[in-house]
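Heads up: the structure comes next, in C-alpha cells.
Rule-based calculations on the coordinates, nothing more; no lab input. The model shown is predicted, which means the values in this text are computed figures rather than measured ones. Positions of Cβ are backbone-derived with ideal geometry, glycine not excepted, and every protein chain shown enters the neighbour counts.
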Amino acid sequence: MNFLNIDDLTRDELDDVLTRASDLKERTARGKTAEAMNGKTLGMIFEKPSTRTRVSFETGATQLGGHAIFLGPDDIHLGHGEPVRDTARALSRYVDVIMARVFDHADVVELGEYATVPVVNGLTDDAHPCQTLADLLTIKERFDGFDARVAWVGDGNNVCQSFVLGAAMVGLDLVVATPEGYGVDDAVLDRAAELGSAPDVVSDPETALEGADVLYTDVWVSMGEESERAEKLDAFSTAGFQVTEELLGDRLLMHCLPAHRSEEVTDSALESENSIVWDQAENRLHAQKGLLASLL
C-alpha cells in the first residue's frame, strides 16, 4: 500500500494511523521503545529542502527500531540520470519503505507504480498528506475528537488541499478563505464532497473566522513559486490575509511551518499563547510513526 494522498486511506485506516500515533507518542513519553521497524530501512528521497520532514522521519525510524537513509538531489539520479521507475525498482531491492519529498506529484505516482515496497508522499506541489496526519492528530488532542470549526486563511496550496480532504474524511467543519484566483483546485473540492462534504469557500478572512475555533494559515509563496512572489504578496496583503493577533482573537493558531514572519503571520501572533504550531510540528514525528507502523 502507498500513501500518496490522505484519501489513499479509508476512514478506518486513518483512525488506525491516528490511534497508533497516539499510542506511540505515549510510549515515547514513558521512555518505552517500539519495534515496528526493527531491522528495517527507510529510504528518504529529497528534491526539496526540509527541516521537519527530514528530522521527523529520520527520528521516527530510529524510535521504531529502524534506520533511515537520506538521499538528496546530489546523491541519486532521480529523473535526471535514470528514469523514476528505475530508481523505484532499485531502491525496492534495498529498503523497506520509500519516502519522497519532490516537486512533481507525478514522480511519487510513478515511484508508487514501480516500487515493490510502500511509497510515502513527504510533500509534492499538489499534496502534503503527512502534514494533514499531524494536523488531524493535533486537533483530535485539543478537542478530544473533531467537533471543531477550522478556518483556513491563506493560499489554496498543497497543504490546504490535503487538509481539505482530511477534514472531509473525519467530518471536521472547515471553511476556506483565499483571495480570488488562489483557491483550492476544483477537483480537490469534488473529492472532498465525495468523501463527506466540501468546505465552504469564501474570499474574506473575517467571514471565514465567524464561529471558528482554529485559524490555520501557511506561507503565501511556496517553494518553486519565487517568480510569483511580488504578485502574490500584493494580492494577499491587499485583501487582508495577514494573521495578526487582532484577526486571530481567542482562536487557536495552526501553521505547518516554516513561517514567513511579517508576511502571512505576524511575529506576535505566532508567539502568542494561542499558537499551537509547535504541537503540530512535534506531531509530524508521532503521526508518521503511526503511518510507518501501519504500512509495515
- Let me know the shape class of segment 1-159, please: from the alpha-carbon gyration tensor, a ≥ b ≥ c as square roots of the eigenvalues, rounded when a/c is under 1.5, otherwise prolate if a/b is greater than b/c, or oblate. oblate
- Message: Going by amide H atoms built from the backbone, whose H comes under 5 Å of the H on Val243, apart from near neighbours?
- Response: Val265, Thr266
- Message: For Cα pairs less than 8 Å apart in space and 6+ apart in sequence, what is the mean separation divided by the residue count of the chain, i.e. the relative contact order in percent?
- Response: 21
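Does segment 116-184 come out rounded, prolate or oblate by the C-alpha gyration tensor, with a ≥ b ≥ c the root eigenvalues, rounded set by a/c under 1.5 and, if not, prolate when a/b is larger than b/c and oblate if not?
Details: a/c = 2.46, a/b = 1.06, b/c = 2.31.
Oblate, since a/c reaches 1.5 and b/c is not below a/b.
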- Note on the structure: Only helices counted: for the chain, with every DSSP H run of 4 or more residues adding -39500 (n - 2.57) and the sum spread over all residues, [θ] at 222 nm is -13000 deg cm²/dmol
- For the Cα atoms of the chain, what angle does the longest principal axis make with the long axis of helix 186-195, in degrees from 0 to 90, nearest 10? 80
- Item | Integer Hz, Karplus 6.51/-1.76/1.60 couplings in order for segment 158-166, x for Gly and Pro | 4, 5, 4, 5, 5, 5, 4, 5, x
- Query: Gain in length, Ala193 to Phe146, computed as 0.36 nm per residue apart minus the alpha-carbon separation, to one decimal in nm?
  - Reply: 15.2 nm
- Item | Whether the chain is rounded, prolate or oblate, judged on the alpha carbon gyration tensor where a/c under 1.5 counts as rounded | prolate
- Task: Could you work out how far helix 52-63 tilts from the main Cα principal axis of the chain, as a 0 to 90 degree angle to the nearest 10?
- Result: 40
- Nearest-20 debye value, the chain charge dipole, Cβ charges on Lys, Arg, Asp, Glu: 1520
- Charges only on Cβ, +1 for Lys and Arg, -1 for Asp and Glu: so what's the dipole of segment 122-178 about the Cα centre, in debye to the nearest 20? 100
- Item | Reachable lysines, given that their alpha-carbon falls under 27 Å from the alpha-carbon of Lys48 and they are not under 8 places away in the same chain | Lys40, Lys232, Lys289
- Message: Averaged across orientations, what area in nm² does the convex hull of the alpha carbons in segment 129-280 project?
- Response: 8.0
- Task: Rounded to the nearest Å, what's the spacing between the alpha carbon centres of segment 229-296 and segment 102-135? Just the number, please.
- Result: 22
- Item | Degrees separating the helix 11-29 axis from the principal Cα axis of the chain, which is the longest one | 80
- Task: Order the peptides 247-254, 17-24, 281-288 from the highest to the lowest mean number of other Cβ atoms within 10 Å of their residues.
- Result: 281-288, 17-24, 247-254
